[in-house]
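The values are calculated or read from the model by the stated rules, or taken from the named source; none is laboratory data. Since we're looking at a predicted model, the values are computed, not measured. Positions of Cβ are backbone-derived with ideal geometry, glycine not excepted, and every protein chain shown enters the neighbour counts. Only protein heavy atoms, including side chains, enter the accessible area calculation; ligands, DNA and RNA are left aside. Shrake-Rupley method; radii C 1.70, N 1.55, O 1.52, S 1.80 Å.
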Amino acid sequence: MPPDAVLVTQDLTKEYGGRRVVDQLTVSVEQGCFWGLLGPNGAGKTTFLRMLIGNTAPSAGALHVLDYSMPAQAAEARRLIGVVPQKDNLDPDFTVLENLETYGAYYGLGKTRMAHHYRELLQFAALENKATAPIATLSGGMQRRLSVARALVNQPQLLVLDEPTTGLDPQARQLLWQRLRELHTRGMTMILTTHFMEEAERLCDQVTVMDNGRILDSAPPRQLIQKHIESQVIEVHGHDLQAWHANEGRGLAERAETVGETTFYYTYDEGPLVTALRQHPRLQYLHRPANLEDVFVKLTGRDLRDE
């Protein structure tokens, strides 16, 4: 295992009923990296995370986390890992502080010795005024922040975040992003799965896109965008779009893709297309820079995926 690596896999594979859910994944995540793992439903992300924390045994290949071989040394590795699950599993019978104390007890951490640490975690989660509050009285955003704080009780070297902002309103999401950036600044290694491409683009140093159990590409977000997508995107919809596209629009961009009532034009020079659209007030358009969502859709397709 490389000296600066926190996670290393070699040809990691998991099969269920003869079907490869994770198919020969080879990845390396360095200390201090904020790594995003992206993919549609059924891509193999959850299975990969379950193997990473030692809850599922691989069918083949090698997996090392924090110098521990998984799943053989899962118990040792888990003491150094914090996990924020997709769905909050806070104990509703305990208060906010009691949730931290009880979780700390699993690691043999006494309430008195760790009291200062728990106070710091409450401040980090902006819940210092909610220490004695029952879980049922917390908003969804508060519960999510508490789940992150609880995952830090054991002062982990690796934090795993499985869709941490799903269901949060924009204000709660922004606050959680701020807290995750603070952890990143402190040098914590983090692994994130998310369906919010903006989240991955804003937070992650490195992003890996996978589908059908395989890695499609991996690079820093900006490099992925530059590699796969023209720099400018114009989304157009409105009356007679199909006829306008056939007669004029399709010659004004490097490529175009129609999805439902909207046509996406991808180009390096938006000027001619925008000028032409201004002459057709019945067409509405949105001009924006290319983003990670464009990459995701190009690599994995636009088909709807069910769980």
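A few remarks follow.
- Total residues in region 39-73, condition among the aromatic types (F, W, Y) and open to solvent by 50 Å² or more (accessible area, probe 1.4 Å): 1
- Candidates H117, H184: the one that is in contact (Cβ under 8 Å) with a residue 24 or more places away in the chain, of a type outside the set (D, E) and over 23 Å from G39 (Cα atoms) is H117.
- Counting only strands (runs of 3 or more DSSP E) that sit completely within region 145-248, those holding 1 or more residues that are within 15 Å of the chain's Cα centre (by Cα) and more than 24 Å from F124 (Cβ to Cβ) correspond to 206-211, 214-219.
- One residue stands out in region 5-38 among those that are on the phi < 0 side of the Ramachandran plot and not in a strand (DSSP E or B): the one that is most open to solvent (accessible area, probe 1.4 Å), namely Q31.
- Residue match in region 180-198 (condition: surrounded by 16 or more Cβ atoms within 10 Å (Cβ to Cβ) and over 29 Å from V21 (Cβ atoms)): yes
- Within region 61-117, considering residues that are in a loop (DSSP other than H, G, I, E, B) and among the aromatic types (F, W, Y), the one modelled with the lowest pLDDT: Y107
- Residue check for Q157: at pLDDT 95 or above and out of contact with any Phe, Trp or Tyr (no Cβ under 7 Å at 6 or more places or on another chain): yes
- For region 268-285, a residue qualifies if it is touching a residue at least 40 places away in the same chain (Cβ under 8 Å) and either open to solvent by less than 60 Å² (accessible area, probe 1.4 Å) or closer than 10 Å to V236 by Cα (or both), and the qualifying residues are V274, L277, L283, Q284, Y285.
- Evaluation of H245 against (1) in contact with a strand residue (DSSP E or B) (Cβ under 9 Å, 6 or more places away or on another chain); (2) surrounded by fewer than 17 Cβ atoms within 10 Å (Cβ to Cβ); (3) not basic (K, R) (one fails), failing number: (2)
- Cross-chain or 6+ apart pairs with Cβ under 6 Å, region 74-89 first and closer than 19 Å to M190 by Cβ, then at pLDDT 90 or above and open to solvent by 70 Å² or more (accessible area, probe 1.4 Å): L80/Q157
- Here Y16 passes the criteria (1) aromatic (F, W, Y); (2) at pLDDT 95 or above; (3) more than 18 Å from V83 (Cβ to Cβ) except the one numbered (2).
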